[in-house]
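The values are calculated or read from the model by the stated rules, or taken from the named source; none is laboratory data. Remember, it's a predicted structure, so these values are computed and weren't measured experimentally. When we count neighbours, we look across all protein chains shown, and the Cβ atoms used for this are built from the backbone with ideal geometry, even at glycine.
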Amino acid sequence: MKSSGIALVMTLLLLVVLVVLVGQFSYTTKIDAYIADNTNNEIQIRYGLLSGVNFAIAQLQLDAMKEEGSKTKYDCTTDEWAQSLWPPDKPQKIGNVLVFYSIQDESAKFNLLRLIWKKKEAEEKKKEDKDKEGQEGEEGQKKEEEQDKEQDKGKDKDKPKEKPKAISPEQQFDLLGKIIQGEKAAFDPAKLRESIVAWMKQKKGKSEKTTGSFPTKVPMFSMKELSMAGIMPYSFLSGRLDEKGNRIKGFSEYTTIWSDGDINVNTASVELLQSLSPKMNAELIKGIISYREQAGPDGERQVFKQKTDLKKVQGLSDGIYSEIESLVDVRSSYFLIEAMATAGRSKKKLSVVVYREGKKVYKLWSDYTN
């Protein structure tokens, strides 16, 4: 009887051990299956994202090919590059992966590097004036004396007015900061600007204007640096939701570090257009947007084919045009490609900045995130 009880206890213990082992084996097998599935999805996602980016690059090249032979070249939201072949509402299925992408114009944003680019134009003009004075010699002095006499006669009244100057990069940044915040200001634009400039100078990159397919030693390579350096929260940089659940655009959607500095009036947002000058009121902005959206004589959407077309906007005077002329353009060379891919429980994003020069497209920077 005693031995029977011991045997029963041993049998129960053995069953318990077997149950534990089977449970552990089942759990381990399930984890391994999850890992294998995720690994498979990750590999497919990577290839899917690369496919999306390559399709976007092909669109940029196709758009450039269509412009070959055209005297007037411009970029706008109706171009080939702006029409995604794989939009978010109609993603492309590649294996088990759903992929979509978008192309954004970096010239539609304010370039932060303008805050530290050296003001070479003033220095060059000063040098040219000095050389000119040296060449003129005595003849120049006589001309100056004659001019002085004419001024004494009161002819200075007919002196033409100076051409209106564009606002400085610092003024434009501060104005943009106020515009995008609205009434509920979360930061002081001037202090934020000083922090950004201090960070870029700390990195000791080139402070002159650098453009092209292979820029090197630039002060910043990613807008994420502003968050990593503690200059601003990541949620403010990339976008966030307000109390009502509405999305608020992030700071990085208005600014960039990849462009030649000029803002494309065909693709710029309302906020960027307003930041060009304090004189750009609501009526002028409405006129620019209406001009871009209305149909032209050929039935196609009208665009600014050259900067001087801005003068066609009602209310935009020659004075305002002269003030913003040096800040704008109708061409774009830098673009941001954002590809998103999902497979099972995995979701990834690949961001790539490219530079287009003719039919050639160069990859400058990329970021792979969840």
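Checked against the criterion of being in contact (Cβ under 8 Å) with a residue 60 or more places away in the chain, over 17 Å from Glu253 (Cα atoms) and surrounded by 13 or more Cβ atoms within 10 Å (Cβ to Cβ), the candidates Tyr291, Tyr362, Tyr334 yield just one match: Tyr362.
Tell me yes or no: at least one residue of the range 57-68 is closer than 30 Å to Val354 by Cβ and of a type in the set (Gly, Ala, Ser). Yes, the range 57-68 has at least one match.
Take the residues in the range 216-258 that are assigned to a strand (DSSP E or B) and within 18 Å of Pro189 (Cβ to Cβ), then tell me which one is modelled with the lowest pLDDT.
First, the residues of the range 216-258 that are assigned to a strand (DSSP E or B): 239-241, 247-249, 255-256.
Those still in the list that are within 18 Å of Pro189 (Cβ to Cβ) too: 248-249, 255-256.
Details: Ile248: 84, Lys249: 89, Thr255: 96, Thr256: 94.
Going through the qualifying residues, I end up with Ile248.
Residue count for the range 15-58 under the criterion of being over 18 Å from Gly344 (Cα atoms) and out of contact with any Ser or Thr (no Cβ under 8 Å at 6 or more places or on another chain): the result is 23.
Among the residues of the range 7-14, are any under 30 Å from Lys360 (Cα atoms) and either surrounded by 13 or more Cβ atoms within 10 Å (Cβ to Cβ) or among the β-branched types (Val, Ile, Thr) (or both)? No, that holds for no residue. Applying the set (1) closer than 30 Å to Arg301 by Cα; (2) of a type outside the set (D, E, K, R); (3) surrounded by 10 or more Cβ atoms within 10 Å (Cβ to Cβ) to Asn40 leaves exactly one unmet item: (1). Residue under question is Ile94, and the condition is that it be over 30 Å from Glu293 (Cα atoms), crowded, with 18+ Cβ neighbours inside 10 Å and touching a Gly at 6+ places or on another chain (Cβ under 8 Å); does it hold? Yes.
Against the definition (within 30 Å of Glu170 (Cα to Cα) and modelled with pLDDT of 60 or more), how does Phe110 come out, yes or no? Let's see the steps before the verdict.
Working: within 30 Å of Glu170 (Cα to Cα): yes; modelled with pLDDT of 60 or more: yes.
So Phe110 passes the test.
Within the bounds of the range 68-90, is there any residue that is within 30 Å of Ile288 (Cβ to Cβ), surrounded by 15 or more Cβ atoms within 10 Å (Cβ to Cβ) and at pLDDT below 85?
Here is the first cut: in the range 68-90, the ones within 30 Å of Ile288 (Cβ to Cβ) are 68-85, 87-89.
Filter again for surrounded by 15 or more Cβ atoms within 10 Å (Cβ to Cβ), leaving 74-77, 79-82, 84.
Then keep just the ones that are at pLDDT below 85; that gives none.
The answer is no; no qualifying residue exists.
In the range 311-322, the residues that are outside the structural domain of Ile285 (by TED's automatic domain parsing) form no Cβ pair under 6 Å with any partner that is modelled with pLDDT of 95 or more and small (Gly, Ala, Ser), whether six or more places apart or across chains. Restricting attention to the range 163-197 and to residues that are among the basic types (Lys, Arg) and surrounded by 13 or more Cβ atoms within 10 Å (Cβ to Cβ), the residue that is nearest to Met223 (Cα to Cα) turns out to be Arg193.
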